[in-house]
Protein chains: 2
Amino acid sequence: MTRPTLSGVPDAVPTVEVQELLQGNDLELIDRWLAQADPVEIGEELSRLPKERRAVPFRLLAKDRALEVFELLDPSVQQELLAGLRETNVRQLFEDLDPDDRARLTEEMPATVARQLLAGLSPNERRLTSTLLGYPEDSAGRLMSPEVASLLASMTVEQAISRLRHIGHSAETIYALPVTDGARRLLGVLGLRDLVLADPGTPIGELMDTNVYSARVDTDQEEVARLMREADLLALPIVDTEDRLVGLVTFDDAMRVLEEEDTEDVARAGGSEPLGRPYLATSVVQLARSRIIWLLVFLGAGAITVNVLAIFETTLAAAVALAFFVPLVIGTAGNTGAQSATTVTRALAVGEVRLADLMPVVGREGRAGLFLGVVLAAIAFVPIMAFTDAGIAGVVSITLVIACTMASLLGSALPIGAKRIGVDPAVMSVPLITALIDASGLVVYFLVAQIVLDL
Amino acid sequence: MTRPTLSGVPDAVPTVEVQELLQGNDLELIDRWLAQADPVEIGEELSRLPKERRAVPFRLLAKDRALEVFELLDPSVQQELLAGLRETNVRQLFEDLDPDDRARLTEEMPATVARQLLAGLSPNERRLTSTLLGYPEDSAGRLMSPEVASLLASMTVEQAISRLRHIGHSAETIYALPVTDGARRLLGVLGLRDLVLADPGTPIGELMDTNVYSARVDTDQEEVARLMREADLLALPIVDTEDRLVGLVTFDDAMRVLEEEDTEDVARAGGSEPLGRPYLATSVVQLARSRIIWLLVFLGAGAITVNVLAIFETTLAAAVALAFFVPLVIGTAGNTGAQSATTVTRALAVGEVRLADLMPVVGREGRAGLFLGVVLAAIAFVPIMAFTDAGIAGVVSITLVIACTMASLLGSALPIGAKRIGVDPAVMSVPLITALIDASGLVVYFLVAQIVLDL
């Protein structure tokens, strides 16, 4: 047992030392560390190194270990690593990758580099990869492995096992075996478990499960991954427009897609653009670049709040205490809107809410917002009255009720509306919604103030 | 082929009709819909029904279909559904569940109901479930299936396949076969693929992979799931403190855990407590309850901003235009902090950042925040000067630089600090960090104003 056993005990090994070791000159020390570390560990440490420092430790790995580690790296890191290796090693790695991993890596490269590497592939590998690259990005066709071990319905169990002995080693998996007719049309799927436990003479067509999911090559990869997660699928057959089997998406690719999609959603919920690469492999400039766009959006929306306040300047001057509560009011309303937005966006992402649910969802969120506004107003009233007077307290409380309700309505409707017009709902991010609510909340605040305080 | 093929074409079936159909009185119509729908679909529609309306359609399902559908439901929905079924059906469903699914469902029940149902189990099932429930919640022990098909290293391939024919049907999976010695200590894992493709006389001990991961029963479930995702594991053996095999966690459970954990993290990033159940199966009151706590926190922090503004009342009165820019300044700084916080929290969750990385991370985030503050200040200066005067513009710009830097430092340090003291970093949620930054940002704003404008 050479790989680590996870335990409830927190990791005590200081990472800094490993990073220093890998960047040092003592090649024998690096070699020793590499020998006792497992591929996931090595991959993690390589990803954290500055990009120009990765090639040296990587080159010390034996060929098959190197491939194992390489396969686990994020494509952005893979691409940077290749830049530091000798051309022969690059060609070899590229050739040894599975076609779907190769396709992913190619997406990260400049077009010239990609063309060159693809041209250097063996004909079979080049064909497999070109097929995948022919499909749209983020589609099932790009995600799938074209190297499928499939069976014919007319085979017997014995013939099937014999076939697996021939092709089993090159297929991505043999645990889920798609079954086709002579024209390669998908008829069902047979699990290796059922094959192994069956009598040798049974026809495959009798054993297979015909009640199976499949997906067209042009299906979005996130849809594929969510279905596999919901139906607990080890693998999903992919078919072309004529229902012919063209590939298989396996659970590990589904898990990776879900992690990427969730990282994107979390980034947008927090008001950044997704990094698209491991965090510590991202430079400060890249970090800043992923955030500046939304901050500029917020700044622009901030200009609106400035104007609103300037318009209501006389109201402010007449009741200066109103200014004290501006951050509290718009901040609370903004948070309420953010809560609605993130909840609804997530529900949309995991398929719990559909476009047809717009009215029920907005209705519930509106009621929740109203409820929250009333509770907050009730709690805030007396302390504010004690701090200033009943008039101001009344204005703040009434505004909270109205603004929180508005915020929930807006926060829930915008993501669904975005999806309806084909925009990623997560783009209706927290900064955008908060900005809209800040501006409208301020307007409500001052109008209520004018009415209640008779200004 | 009776299950739907996913395609790039968006779903055109109106869901509302299905919901009405399932709540109607036409049992034959419901029966027909159920017959053509697949388990995932049925599960989704049941989850969306009001809880008192689920039992009727569910009872129309044939026994094995009913189990299939039941297994796919979220435990909170499972538990509510049980309440509407006859006792004999409940006992049967409970008995037929896999032990790990049963343990999950039991967690959702009131203790009295759980005890009663557990008492009604057959002795073997009760033993299996009690074992799982003996482990802490959210641990590998709770997540695993105790029904593991394991092999002895001393067996031959032929003997192994023969054994699988006997026990293969009751095991959770036979695709990953843990290999043990006579004392049940884990020695390695053999994939069914390699078993099937090998010569019958080969000893298992020679075929197996000894270079395998495992986890102790007390490991946190999220750690287990992330490892499986990183290392593309179909299954992970679970061992006790003496390295004896006690169970197996499969990829589908890992995927589910990751989805739950990500939903929790997204909820907290948006300032809510996680719902813990499907969105449309959550009542308005439950929605509101998941949000009120953070809003109260924000309200409390809002009290601080009120006090800060009151303290600097004279400064405000001396330069009224300062009030116009309050939402813009604290909103922008707040967003910058939120960006840092969500990025770092996510990186912590997926294992890209570790506790030892505190200084490097805070350093990078601080630089990013400074960079962003300077860019924003540069962009904002001239328009603000045109709107008011150079003095105010100077105050706003300087504040933006300082506040954005502070916000990034705080936003990145707090999640790591939280994890260090054993608190879920996602609790350092956007409302909490925004509240802290609003208050401190305001103080900076007015201090800068006093200095620059000589007030």
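Do we find that B:ASP194 is surrounded by fewer than 22 Cβ atoms within 10 Å (Cβ to Cβ) and either part of a strand (DSSP E or B) or of a type outside the set (S, T, N, Q) (or both) in this structure?
On the way: surrounded by fewer than 22 Cβ atoms within 10 Å (Cβ to Cβ): yes; either part of a strand (DSSP E or B) or of a type outside the set (S, T, N, Q) (or both): yes.
Yes, satisfied.
All but one of (1) within 7 Å of another protein chain (Cβ to nearest Cβ); (2) closer than 17 Å to B:ALA407 by Cα hold for B:PHE324; which doesn't?
(2)
Tell me yes or no: at least one residue of region B:431-449 is of a type in the set (Asp, Glu), closer than 20 Å to B:THR315 by Cβ and out of contact with any strand residue (DSSP E or B) (no Cβ under 9 Å at 6 or more places or on another chain). If you could, list the steps in order and put the result at the bottom.
From region B:431-449, those of a type in the set (Asp, Glu) are B:438; that's our starting set.
Of the ones still in play, those that are also closer than 20 Å to B:THR315 by Cβ are B:438.
Going one step further and asking which of them are out of contact with any strand residue (DSSP E or B) (no Cβ under 9 Å at 6 or more places or on another chain), we end up with B:438.
Yes: region B:431-449 contains one or more residues that are of a type in the set (Asp, Glu), closer than 20 Å to B:THR315 by Cβ and out of contact with any strand residue (DSSP E or B) (no Cβ under 9 Å at 6 or more places or on another chain).
Residues in region B:410-422 that are among the aliphatic types (A, V, I, L, M) and either at pLDDT below 85 or buried (at least 19 other Cβ atoms within 10 Å of the Cβ) (or both): how many?
Count: 4.
Could you identify the single residue in B:GLU125, B:GLU158, B:GLU95 that is acidic (Asp, Glu) and either within 14 Å of chain A (Cβ to nearest Cβ) or assigned to a loop (DSSP other than H, G, I, E, B) (or both)?
On the way: B:GLU125 fails: either within 14 Å of chain A (Cβ to nearest Cβ) or assigned to a loop (DSSP other than H, G, I, E, B) (or both); B:GLU95 fails: either within 14 Å of chain A (Cβ to nearest Cβ) or assigned to a loop (DSSP other than H, G, I, E, B) (or both).
Selected residue: B:GLU158, the only one of B:GLU125, B:GLU158, B:GLU95 that is acidic (Asp, Glu) and either within 14 Å of chain A (Cβ to nearest Cβ) or assigned to a loop (DSSP other than H, G, I, E, B) (or both).
Can you name the condition, by its number, that B:GLU158 falls short on among (1) acidic (Asp, Glu); (2) surrounded by fewer than 17 Cβ atoms within 10 Å (Cβ to Cβ); (3) closer than 30 Å to A:ASP199 by Cα; (4) without any contact (Cβ under 8 Å) to a residue 40 or more places away in the chain?
Only one criterion is unmet by B:GLU158, namely (4).
Residues in region B:205-218: is at least one within 16 Å of B:ASP100 (Cα to Cα), at pLDDT 90 or above, surrounded by 16 or more Cβ atoms within 10 Å (Cβ to Cβ) and not hydrophobic (A, V, I, L, M, F, W, C)?
Within region B:205-218, one or more residues are within 16 Å of B:ASP100 (Cα to Cα), at pLDDT 90 or above, surrounded by 16 or more Cβ atoms within 10 Å (Cβ to Cβ) and not hydrophobic (A, V, I, L, M, F, W, C).
Determine the pairs where a residue that is facing another protein chain (nearest Cβ under 7 Å) and closer than 12 Å to B:ASP424 by Cβ, located within region B:262-278, has a partner that is modelled with pLDDT of 85 or more and part of a loop (DSSP other than H, G, I, E, B) with Cβ atoms under 6 Å apart, the partner being 6 or more residues away or on another chain.
B:ALA267/B:PRO274
Can you report the number of residues in region B:425-455 which are surrounded by fewer than 18 Cβ atoms within 10 Å (Cβ to Cβ) and either in a loop (DSSP other than H, G, I, E, B) or of a type outside the set (A, V, I, L, M, F, W, C) (or both)?
4
Among A:GLY391, A:GLY422, A:GLY417, A:GLY366, which is of a type in the set (Gly, Ala, Ser), within 10 Å of another protein chain (Cβ to nearest Cβ) and assigned to a helix (DSSP H, G or I)?
On the way: A:GLY391 fails: within 10 Å of another protein chain (Cβ to nearest Cβ); A:GLY422 fails: assigned to a helix (DSSP H, G or I); A:GLY417 fails: within 10 Å of another protein chain (Cβ to nearest Cβ).
After ruling out the rest, the residue left standing is A:GLY366.
Any idea which of B:LEU117, B:LEU73, B:LEU128 is under 15 Å from B:LYS51 (Cβ atoms), without any contact (Cβ under 8 Å) to a residue 60 or more places away in the chain and surrounded by 19 or more Cβ atoms within 10 Å (Cβ to Cβ)?
Details: B:LEU117 fails: under 15 Å from B:LYS51 (Cβ atoms); B:LEU128 fails: under 15 Å from B:LYS51 (Cβ atoms).
Of B:LEU117, B:LEU73, B:LEU128, the one residue that is under 15 Å from B:LYS51 (Cβ atoms), without any contact (Cβ under 8 Å) to a residue 60 or more places away in the chain and surrounded by 19 or more Cβ atoms within 10 Å (Cβ to Cβ) is B:LEU73.
How many of the residues making up region A:239-252 are under 21 Å from B:TYR175 (Cβ atoms) and facing chain B (nearest Cβ under 9 Å)?
Residues that pass the stated criteria total 3.
Filter region A:165-198 for residues that are among the charged types (D, E, K, R), farther than 17 Å from B:LEU234 by Cβ and at pLDDT 90 or above and give the result.
Hits for region A:165-198 are A:ASP181, A:ARG184, A:ARG185.
Return a yes/no flag: does region A:171-186 have any residue that is in a helix (DSSP H, G or I), free of Cβ contacts under 8 Å to residues at least 40 places away in the same chain and surrounded by fewer than 20 Cβ atoms within 10 Å (Cβ to Cβ).
Initially, region A:171-186 is screened for residues in a helix (DSSP H, G or I), giving none.
No.
When you go through A:VAL344, A:VAL353 one by one, which is the residue that is more than 7 Å from chain B (Cβ to nearest Cβ), surrounded by 24 or more Cβ atoms within 10 Å (Cβ to Cβ) and either in a helix (DSSP H, G or I) or in contact (Cβ under 8 Å) with a residue 24 or more places away in the chain (or both)? Can you show your working first?
Details: A:VAL353 fails: more than 7 Å from chain B (Cβ to nearest Cβ).
After applying the criteria, what remains is A:VAL344.
Give A:VAL320, A:VAL308 a once-over and let me know the one that is without any contact (Cβ under 8 Å) to a residue 24 or more places away in the chain, under 30 Å from B:VAL382 (Cβ atoms) and either surrounded by fewer than 24 Cβ atoms within 10 Å (Cβ to Cβ) or charged (D, E, K, R) (or both).
Numbers: A:VAL308 fails: without any contact (Cβ under 8 Å) to a residue 24 or more places away in the chain.
It is A:VAL320.
The values are calculated or read from the model by the stated rules, or taken from the named source; none is laboratory data. Remember, it's a predicted structure, so these values are computed and weren't measured experimentally. Cβ coordinates were reconstructed from backbone atoms using ideal geometry, including for glycine residues, and neighbour counts include every protein chain displayed.
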